[in-house]
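Only one structure is covered here, and it is reproduced in the block below.
The values are calculated or read from the model by the stated rules, or taken from the named source; none is laboratory data. Keep in mind that this is a model prediction, so the values were computed, not measured. As a convention, Cβ positions derive from the backbone with ideal geometry for all residues, glycine included, and neighbour counts pool all protein chains shown. Quick note on the areas: whole protein, heavy atoms, side chains included, nothing else; ligands and nucleic acids left out. Shrake-Rupley method; radii C 1.70, N 1.55, O 1.52, S 1.80 Å.
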Amino acid sequence: MINQPQLHAPGSLTEHRAPKLLQYLFLLYIFVKPFYVFESGSFQPGDFIFVACFLVFLYYSGSDVLIHSKFDYILIVFVMFVFIVNFVYFSLYRESEFVLSTLYYIFNLALVLVARRLLLDKSFLRRLFWTCRICLYLQILIYFLKLGKYYVDENGVTDRYLGSFNDPNQLAFYCFCVLMVMYIIEKIYDIKCRVSLIDYGAFVFILYLTASTGMLLAFMVFFVLYVLTLLASPLFEINPERKRKLLLALLGVVIVFIVSLIFSRQINAFVEKSEIFSRVLEKETLSTSTTGSEIAGNSIWQERNIDKLYIYPQYNILGAGQGYFERFWQAHSSGEIHSTLLSILFCYGIIPTFLFLYWIWANIRRTSLYFIPVFAALAVESITLLNQRQPLFWLLFMLAYTYRIMEDRRYEDAVYT
């Protein structure tokens, strides 16, 4: 007889403890993940650590359930669609890219299953917070020790900093995600971890070094919505201690704004000499046309390879598979689509895209108003960057649900022992 998973009784989450070995292996994976030794798209040292972590997860699970949330069945069905679509196109073209693309999703599904169990442990959440903080400052330390790499284009070495990654956007996205992980964990009841202005400043410094325009836009969205949330928070916040902290945070934002106004001339002069300023102007030029022109050159849709969606619209229905993009010769280039949701739509079709969005919605619905800046920024940034291969991308949505079940037990309906 198969044992049916049981729902947690109210109050049991505070007593949940994940195995220490499982915790430390997962945290070691997060710590080592930024160190890219091999070519992008291949297994990195951190990925091997996660494989060991997953095997330990299987060992501790034993005969118990592997799936600790009913939401994750949605993700399993999504990955099954990915497997089927890529298998069909692999059978037609015999290109290994289709197999590799499937393995990415299977890998991240395994990560979701492991993390779902770990995120119920508050001691793990505290360790995750500090691991993310260490990772953020480690990238800055690597920069000052001159151990990091710089991006190389057709003209040679540029001023765009890579750190321990192979791409500046990877570094910027990773640091943004670790900051957002810290931000969400901070809000969870009784965690007693706080994100400081220095942490935000550290990310801004990394953002400046990478000159990532996508992450600049994301952080601007986050900052604006964060300020608006702080302005509105005293109206709906009941807890007086939290209200006091929110007002202090708002005061800090006001001080930063006033200081930036006082030194606006010096800041403008500094920014105009930076790589990120020239890249913003370049992106603005690309955005002046959706199809390209003599003035704009290639459009931003062409530059991010999104033009495949409107040149080959039939694939948006059932999917084109994720690989062998050379077959789409009418598009601007044979590169992969650099857009999270649009890539899934073109490669796998309408139904898997709906499942992907539904899994996200299932995790973030009825959660905190304070998380709107996080997911709005992530949504904007994901328009022009491919994020679904990054583990912290999935972790952010799961943390939102962790907040929900720990903050309000009425919604504790989808986590199994």
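Points to keep in mind about this one:
- Ordering of 87-95, 203-211, 29-37 by burial proxy (mean other Cβ atoms within 10 Å per residue, highest first): 203-211, 29-37, 87-95
- Whole-number accessible area per residue in Å² for the stretch 8-117, which is evaluated in the context of all protein chains at 1.4 Å: 49
- 26 Å Cα-Cα threshold exceeded, pairs from Lys70/Lys192; Lys122/Lys146; Lys33/Lys149; Lys20/Lys192: Lys70/Lys192; Lys122/Lys146
- Shown are Glu336, Glu326, whose ranking by accessible area with a 1.4 Å probe and every protein chain present, most to least, is Glu326, Glu336.
- Overall form of the stretch 1-160 per C-alpha gyration tensor (a/c, 1.5; a/b vs b/c): oblate
- Three-way shape label, the stretch 80-198, alpha-carbon gyration tensor, a/c 1.5: oblate
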